[in-house]
Amino acid sequence: MMAFTIAGRELRSLFLSPLAWAILAVVSGICAWFFLAYLDFFLQMQPRLAALPGGPGAADMVVAPLFSTAATVLLLVVPLLTMRLISEERRAQTLPLLLSAPVSMSEIVFGKFLGVLGFVLVMLAIIAAMPLSLLAGGGLDLGLWAAGVLGLLLLLASFCSIGLYLSTLTAQPVVAAVSTFGLLLLLWILNLASSGGNGGGLFDYLSLMSHFQPLLRGIFSSTDIVYYLLLIGTFLVLSIRRLDADRLQH
Amino acid sequence: MTTAISIQQVHKRFAAVQALRGISMEVPQGAFFGLLGPNGAGKSTLISIMAGLARADAGAIRVMGHNVVSAWRQSRHALGVVPQELVYDPFFSVREVLRLQSGYFGLGRGNEAWIEELLETLSLADKADANLQALSGGMKRRVLIAQALVHRPEVVVLDEPTAGVDVELRQALWHFARRLHREGHTILLTTHYLEEAESLCDEIAILNHGQLVTRDSKQNLLARYPWRTLHITVDRTSFQLPEALVPLLTSADDSCLTFRLHRERDTIGAVLAALQAAGLTVVDLSTEEVGLEEVFLRLIGQSGEGP
């Protein structure tokens, strides 16, 4: 399938770019620092927590806060990865080389999405591996960990699809990055409006955070999964439509 | 002869500008076809529609019998476009770019031999592992040609391939284009250099204002302008020109005379004989054949606007 060829090319070009390596190093460094800070806090609190019946364990005190922090860090970082997906090709005028190949718009968009998601998965693997190191010295609620990883994966895939769509709208990667960050932040904090009363339910449903927090607590709800799949699918379809519209305009 | 490119009543509008107004023509298989026209004539729009980068408002284009909209995969397999701009992906080497482009056409390891042959043919072998950023403009142009040929297309579109290139590379590109043509490829060339079209193409179409002004063989086009220019220098500055030559004279500067001769009615021998009969000795003589440029300017002028 051509989408995998495009994904491979995208992934390779990301690994050939110094920006991606810098991002990988910075994200790993920040998350490792937070992981150690949460672990240190947990170890300090452990004697008191042990006295509580059904008190929180390492997964609650380390894994969930780490993944939550990682989500915030990646909200800042993913736009830098997605900004160049289409807009850079527009700017460098290399998009026609791809569009004139016997590859469908769906394959182009899906390939680009898979390529950047592959890079993001590397970051996710590094972040997810940190709490697993706790298994060497004790127990870890792997169910909670797995739910958190799934939540982070769906969240990052949503970031990528939104970033990809906004990258199709402009020939300026910086504009794509800033607009992606703006939209992601808006979707992230949308649930804050739900405390205001009218329309709160809708904002709460639309918020990325509202669907991420339950998974961090180990609550697996099909509503949350469907929300993310719909969000990813919607922005991928919008990207296809946007590129298709180019053919009509140009 | 079968048709390589069939263009039927193609219309395209961009906002207030009607870029193509019902263009219809056919490019025979194996032709070296020149698509000429001033800026804004619609050449690039037509190529974009052919390559699937734009969609026609009406009409149809077929490449090797495949409709570019309904059978777009097949038509793009049959077409290779060398773009006018020097566009490149800065992350990859020459060989990687060709492998990726080959991958877009679903060609895997089996195409490696052809990629190596392309690298050799286009003198890119010693730069195969160099990053595209490090290459000169001429080398980048060769890479673009290799990219367009990586899937062995039957029809090759060269969109102003020699724009801004030096004489040596231009000669090399002409040589390569002729070779492609000899090997059976149908070549569609757009260029602003009319001597290039005259030298390479056997059939020519001229567009202006989105309309087809003419489409004919090069010989027929040149024959439409049946004049040639004769420059003669005589041994005197003051003389009486024979009466028979007066209608043919276009300019006279001291001893230098310029005549416009009809290819069939007027002969050089008759002019020389008339001058000799008048007692004039010819010191120097040169002729100037009509070129495609004169035909182009005349046709474009007739259709409304100069280049």
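The values are calculated or read from the model by the stated rules, or taken from the named source; none is laboratory data. A quick note: this is a predicted structure, and the numbers were derived from the prediction, not measured. Please note: Cβ atoms are built from the backbone with ideal geometry, for glycine as well, and neighbour counts cover all protein chains shown. Just the protein is used for accessible areas: all its heavy atoms, side chains included, with ligands, DNA and RNA removed. Shrake-Rupley method; radii C 1.70, N 1.55, O 1.52, S 1.80 Å.
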Test set (1) in contact with a strand residue (DSSP E or B) (Cβ under 9 Å, 6 or more places away or on another chain); (2) of a type outside the set (Lys, Arg); (3) closer than 20 Å to residue B:189 by Cβ; (4) within 9 Å of chain A (Cβ to nearest Cβ) - residue B:47 fails condition number: (4)
Unique residue being open to solvent by less than 70 Å² (accessible area, probe 1.4 Å), β-branched (Val, Ile, Thr) and outside any loop (DSSP other than H, G, I, E, B) when the list is B:250, B:258: B:258
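When you scan the stretch A:133-147, do you find a residue that is under 25 Å from residue A:17 (Cβ atoms), more than 14 Å from every other protein chain (Cβ to nearest Cβ) and out of contact with any strand residue (DSSP E or B) (no Cβ under 8 Å at 6 or more places or on another chain), even just one? Steps first, please.
Initially, the stretch A:133-147 is screened for residues under 25 Å from residue A:17 (Cβ atoms), giving none.
No: the stretch A:133-147 contains no residue that is under 25 Å from residue A:17 (Cβ atoms), more than 14 Å from every other protein chain (Cβ to nearest Cβ) and out of contact with any strand residue (DSSP E or B) (no Cβ under 8 Å at 6 or more places or on another chain).
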Some residue of the stretch B:13-30 being touching an Asp or Glu at 6+ places or on another chain (Cβ under 6 Å), open to solvent by less than 30 Å² (accessible area, probe 1.4 Å), at pLDDT 90 or above and of a type in the set (A, V, I, L, M): no
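Would you confirm, using the coordinates I've provided, whether residue A:71 is away from chain B (no Cβ under 14 Å), in contact with a Gly (Cβ under 9 Å, 6 or more places away or on another chain) and either open to solvent by less than 20 Å² (accessible area, probe 1.4 Å) or of a type in the set (S, T, N, Q) (or both)?
Values: away from chain B (no Cβ under 14 Å): yes; in contact with a Gly (Cβ under 9 Å, 6 or more places away or on another chain): yes; either open to solvent by less than 20 Å² (accessible area, probe 1.4 Å) or of a type in the set (S, T, N, Q) (or both): yes.
So residue A:71 passes the test.
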Odd one out for residue B:62 among (1) over 22 Å from residue B:193 (Cβ atoms); (2) surrounded by fewer than 24 Cβ atoms within 10 Å (Cβ to Cβ); (3) within 23 Å of the chain's Cα centre (by Cα); (4) facing chain A (nearest Cβ under 10 Å): (4)
Hits in the stretch B:73-90 - residues which are touching a strand residue (DSSP E or B) at 6+ places or on another chain (Cβ under 8 Å), more than 7 Å from every other protein chain (Cβ to nearest Cβ) and not small (Gly, Ala, Ser): B:74, B:79, B:82, B:84, B:90
Which numbered condition residue A:153 fails, given (1) within 14 Å of chain B (Cβ to nearest Cβ); (2) open to solvent by 30 Å² or more (accessible area, probe 1.4 Å): (1)
Residue match in the stretch A:39-46 (condition: buried (at least 17 other Cβ atoms within 10 Å of the Cβ) and of a type in the set (A, V, I, L, M)): yes
Residues of the stretch B:154-195 that turn out to be in contact with a strand residue (DSSP E or B) (Cβ under 9 Å, 6 or more places away or on another chain), within 22 Å of residue B:208 (Cβ to Cβ) and open to solvent by 30 Å² or more (accessible area, probe 1.4 Å), as a count: 1
Selected residue [surrounded by 15 or more Cβ atoms within 10 Å (Cβ to Cβ), within 14 Å of chain B (Cβ to nearest Cβ) and part of a helix (DSSP H, G or I)] from A:243, A:215, A:231, A:238: A:243
Breaking point among (1) under 27 Å from residue A:11 (Cβ atoms); (2) under 23 Å from the mean Cα position of the chain (by Cα), for residue B:84: (1)
Residue within the stretch A:85-97 that is polar (S, T, N, Q) and surrounded by fewer than 20 Cβ atoms within 10 Å (Cβ to Cβ) present: yes
Sole residue being more than 14 Å from chain B (Cβ to nearest Cβ), buried (at least 21 other Cβ atoms within 10 Å of the Cβ) and either over 17 Å from the mean Cα position of the chain (by Cα) or outside any helix (DSSP H, G or I) (or both), chosen from A:62, A:103, A:120, A:116: A:62
Residues of the stretch A:78-100 classified as more than 18 Å from residue A:11 (Cα to Cα), in contact (Cβ under 8 Å) with a residue 40 or more places away in the chain and at the interface with chain B (Cβ under 8 Å from one of its Cβ atoms), total: 1
Residue tally, condition open to solvent by 40 Å² or more (accessible area, probe 1.4 Å) and under 11 Å from residue B:233 (Cα atoms), over the stretch B:273-288: 6
Filtered residue count, the stretch A:1-15, keeping only those that are more than 8 Å from chain B (Cβ to nearest Cβ) and surrounded by 20 or more Cβ atoms within 10 Å (Cβ to Cβ): 4
Any hit, the stretch B:71-84, residues being surrounded by 19 or more Cβ atoms within 10 Å (Cβ to Cβ) and free of Cβ contacts under 8 Å to residues at least 12 places away in the same chain: no
Residues satisfying the stated conditions in the stretch B:55-102, i.e. touching a Ser or Thr at 6+ places or on another chain (Cβ under 6 Å) and modelled with pLDDT under 90: B:87, B:89, B:91
